[in-house]
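Asker: Got a structure here, written out as structure tokens. Questions coming.
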Amino acid sequence: GLPAALPTLPLELTVLYNYLLFTVGASDSAIEGEADGIRQGLLRVLEACGACGQDLSMEELWQKVLQEVTVEELQAPLHRLGALQAACWLAAGRLGSIAGLFQLLSTAEDTGRGHCSEGQNELLSLLKAWRVPAEEASLPLVQSAGDLKEILCTAAAFLQGLQELEAGNFPTALSLLQEAAGGFCSKKVLAQIYTCLGCCAQRMGKPQTALQHLKRALQADFQCLPALSHAAAVYHELGEMDTELQALALLYEALEKNPPAAASSSPYFLIRTELLVRTPTLTSLLRHHHPSEVKYLLAQRCLQDGRVTDAVEYYLDFLALLQEGLQQQVPLDGSSTLPRIPEVFLEAASALEQAERHQDAITVCEEVIRRTTDLIPRMLRMEERLEQPECLSPGAGLAGGVLSQQEESLRCLAWRTAGYLHQGWAWAKLGESKEAITQFSRCLSDLLRVQLHGLAIEPTENLPPEVEVLQKIRLLSLIGRGTQFLELGRHKEALLDFQHGLQVSPGDPAAASYLVQALWKLDRKQEAAAQWQKLSQSSPGEQEGKGSPLPLYLVLCLEQAMFPHSETLASTIQDYLRTAAQDTSS
């Protein structure tokens, strides 16, 4: 309540500086809210000089104070307060305001030293050129302006590096992050910077460099688990499955132990780099996975690599976690790497089938069928693609996602029919052809719910991608049922299924091969030979390259539908053609 007086202002501004530092340190949170205290301090300075600035913005207020107040005793306290203001603006991402402030704080000599040459960062040049005011023994500081300057330089480089990384300017991001790594920060922050460097190098197509940075991150802070997670992703990119699985196993073990957060190695600094750099990009890069997400990744990778026994174990562990209420434990903000739950069940069924646990696979699929039954309308009419939805991350499934009702119904139908498809193949493996035919038929019956208006056979780009999956399921079910008809000697019915399969996917090599076999068994050898010649003239892999990649839960079904007797059939047809040619010539 006392009027501002020039003789006491240096002490008053120093007390304000220390108070604001203590306030930040006590809350251990972002410091944007300290701007009001700084504003009141600047207004007190103007009041003592007989001026006012109530209606000015913070940038305008600083400009007025630094240009009009020339009292020598106030310069050092104002510079320290300016550094604190820069910290507030840095936390708010207002880099342009910081640059303007430090141009005002710098003398002509400083400005010359801080001149930004080509290739240098202007803000960092201004911060480095700023001359820290000398400290007075009579006015002790809880954090020196020199330390604050070093932290500002590190945080500015870190923040700008993250911005460039998000913008896709990887070389610039790499340079700024390397600058930050050489700055003044705790080991925890250093590990975070190296993690970001690793991600940047990975996006630049330099996986080995990425691994070096991620290794440094773990050396700086062994509890920086996001670095281990990113390292596993790099190993996956390199195709080093063993090393990737080791990294994921270590990550899972560390997450299960739930270690406490690593302590900062700079506890005496009230303003720290981690308080100034808090961006969505950094949060995303440093996101800690839930143990169940890592468990799922282990299961998925083992299944993809053919490590069936391990895959089954991991999937069953994961399904057990689901029963314990996993959906309440993982993040629901779309950042989770988990797929939709029915897909996990179907992948688990696929692993169980490969492990020859067919009855267990049938039981798992029955759960998918049961849970999706009431979610599918009697008829789905597809005429054209609706508004393009926003891209959803796989993890959005646990939160339900923001999907159109039509697309969600298509997904549910795909999961339900895939369940029948898996059950059909499982019964076939058990030698129960009639039961297999029943399941394949249920799959095909459900698929009749989708009406492609004007597009009865082949989907186009104007239709949702789920329709392509449904068409593949229809093809695989027709082939599966046809093979079981062949097993039972019902060759005409088998022939019809293979013909329908070729209508769904013209030129499909598996359907075409089975068609040739069915014709041969029906003693329609001339037709069989003609179809075989047509098949042999088609380019290899022509069909395999079409369309989007299949969901993992359908890969096994695709393999099971492959024609297993190609060489034998080819030899038989060739013998027939040679004999026919000899008979003709004679």
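Asker: Provide the gained length on full extension for the span Ala570 to Glu527, in nm with one decimal, where the gain is 0.36 nm per separating residue minus the Cα-Cα distance.
Answerer: Fully extending the segment from Ala570 to Glu527 adds 14.1 nm.
Asker: Check each of the GluC sites (Glu not before Pro) in the range 125-208 and keep only those in coil by DSSP with at most 16 other C-beta atoms within 10 angstrom; list them in order.
Answerer: Passing both the DSSP loop test and the Cβ count: Glu135, Glu136.
Asker: Compute the FRET efficiency between Gln223 and Ala355 as 1/(1 + (r/R0)^6), taking r as their Cβ-Cβ distance and R0 = 30 Å, and round to the nearest 0.05.
Answerer: That pair, Gln223 with Ala355, gives E of 0.25.
Asker: Next up: Please work out how much length the chain gains when fully extended from Glu559 to Glu240, using 0.36 nm per residue of separation minus the C-alpha to C-alpha distance, in nm with one decimal.
Answerer: Answer, rounded to one decimal: 112.4 nm.
Asker: If each residue of separation counts as 0.36 nm, what is the full-extension length gain between Thr373 and Glu68 once their alpha-carbon separation is subtracted?
Answerer: Residue separation times 0.36 nm, minus the Cα-Cα distance, leaves 102.2 nm.
Asker: What spacing in nm lies between the two simple spin-label points modelled at Ser548 and Leu430, each 7 Å away from Cα in the Cβ direction?
Answerer: Between Ser548 and Leu430, the simple spin-label model gives 3.3 nm.
Asker: Please identify the GluC sites (Glu not before Pro) of the range 341-380 that satisfy two criteria: DSSP loop assignment and at most 14 other Cβ atoms within 10 Å. Which are they?
Answerer: Passing sites in the range 341-380 are Glu356.
Asker: Next question. With each pseudo-label sitting 7 Å past Cα toward Cβ, what's the Ser144-Cys52 distance in nm, one decimal?
Answerer: Between Ser144 and Cys52, the label points sit 4.2 nm apart.
Asker: Kindly sort Lys525, Lys187 by accessible area of their heavy atoms, largest first, with the probe set to 1.4 Å.
Answerer: The most accessible residue leads, giving Lys187, Lys525.
Asker: What number in nm² do you get for the range 135-264 if you take the convex hull of its Cα atoms and divide its surface by four?
Answerer: That works out to 9.1 nm², a quarter of the Cα hull's surface.
Asker: For Val450, what residues show an amide H to amide H distance below 5 Å, using hydrogens built from the backbone and excluding near sequence neighbours?
Answerer: Leu380
Asker: Which trypsin sites (Lys or Arg not before Pro) from the range 118-167 combine a DSSP loop assignment with at most 15 other Cβ atoms within 10 Å?
Answerer: Arg131
Asker: For the pair Asp36 and Glu313, what calculated FRET efficiency results from E = 1/(1 + (r/R0)^6), where r is the Cβ-Cβ distance and R0 = 51 Å, to the nearest 0.05?
Answerer: Between Glu313 and Asp36 the formula returns 0.35.
Asker: So for the pair Glu60, Arg578, with labels modelled 7 Å out along Cα→Cβ, what separation do we get in nm?
Answerer: 9.7
Asker: In the range 79-106, which residues have a backbone nitrogen under 18 Å from the label point lying 7 Å from Asn169's Cα in the Cα-to-Cβ direction?
Answerer: Flagged as within label range: 93-100.
The values are calculated or read from the model by the stated rules, or taken from the named source; none is laboratory data. Not measured: the values here are computed from a predicted model. Methodologically, a virtual Cβ is constructed for each residue, glycine included, from the backbone with ideal geometry; neighbour enumeration extends over all protein chains shown. Areas reflect the complete protein model, heavy atoms only, side chains present, ligands, DNA and RNA absent. Shrake-Rupley method; radii C 1.70, N 1.55, O 1.52, S 1.80 Å.
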